[in-house]
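Note sheet for the following structure.
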Amino acid sequence: MRILALDGALGGFSVAFLDDGNGAGETLVSEASNEPDALESGLERVKRVLAGAASGLEAIDRFAVGIGPGSFTGVRIAVSYAKALAMARRRPLVGVSSYDILTPADAPFPVLTTVRGRRGVVCARLHDGVAAQTASGAPADVVATLLAGRSIEILTLAGNTEDVRSAVAERGIVVRASSVRKEHPAATVARLALHAAPSPSPHAVAPDYGELPAVTVRAGS
């Protein structure tokens, strides 16, 4: 299966082409920036990745996109690009959560995965192996919300761990660090999309902003 994946939620805008080779050997080509430049360079990055893979959009079997949470603008642009590509080529689209991108497959449960939002705000998911709960806000408040009423002795942290580590440790919980993914976010999106069920329609893939962006309300004169 050949997958083209996009992600704008985590850091800059990344693009990846993945061909699993049907078991005969994997081909992965990816490119990312360290800046939120999806509008300025996003489509050119898609072209370069496809050229590097000696492929074209007509050869893609499935599109995938990181749906957030993370960068509000990055999520919105990446999801819009992915929907347009999937609808233009009439191919399925898979949405992948930032929490899944940041959580290694071998991370022991329970695991708290944190995504940094705007200044002073995080989005986090606590997964105990059976069910997941999410919360957004100030790091200490998020930790308090997700750990309330739970008896946890050891907790695995993934993602932006520095934002919540101290708040977790203050509760007497032993912190266990997970491994850090080395590849671009879009490459992980592509890998996860290989085994995920596509959305019934590209229109059904919805962004997860985690929290609304800060706004300024001005009173009318």
Quiz item: Which of (1) out of contact with any helix residue (DSSP H, G or I) (no Cβ under 9 Å at 6 or more places or on another chain); (2) among the charged types (D, E, K, R); (3) more than 21 Å from residue 68 (Cα to Cα) is the odd one out, the single condition residue 170 does not satisfy?
Solution: (1)
Quiz item: Looking at 113, 161, which one is among the hydroxyl-bearing types (Ser, Thr, Tyr) and in contact with a Leu (Cβ under 6 Å, 6 or more places away or on another chain)?
Solution: 113
Quiz prompt | residue 71 being surrounded by 19 or more Cβ atoms within 10 Å (Cβ to Cβ), hydroxyl-bearing (Ser, Thr, Tyr) and under 16 Å from residue 5 (Cβ atoms) | solution = no
Quiz item: For the stretch 121-141, does any single residue satisfy the condition of being part of a helix (DSSP H, G or I) and either in the same structural domain as residue 87 (by TED's automatic domain parsing) or surrounded by fewer than 19 Cβ atoms within 10 Å (Cβ to Cβ) (or both)?
Solution: yes
Practice problem: Mind listing whichever residues of the stretch 96-154 are aliphatic (A, V, I, L, M), within 22 Å of residue 205 (Cα to Cα) and without any contact (Cβ under 8 Å) to a residue 60 or more places away in the chain? | Solution: 124, 131, 132, 135
Quiz item: Would you say residue 114 is farther than 30 Å from residue 1 by Cβ and among the polar types (S, T, N, Q)?
Solution: yes
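The values are calculated or read from the model by the stated rules, or taken from the named source; none is laboratory data. From a predicted model like this one, the values you see are computed outputs, not experimental measurements. Every residue, glycine among them, receives a Cβ derived from its backbone with ideal geometry; neighbour counts consider all protein chains shown.
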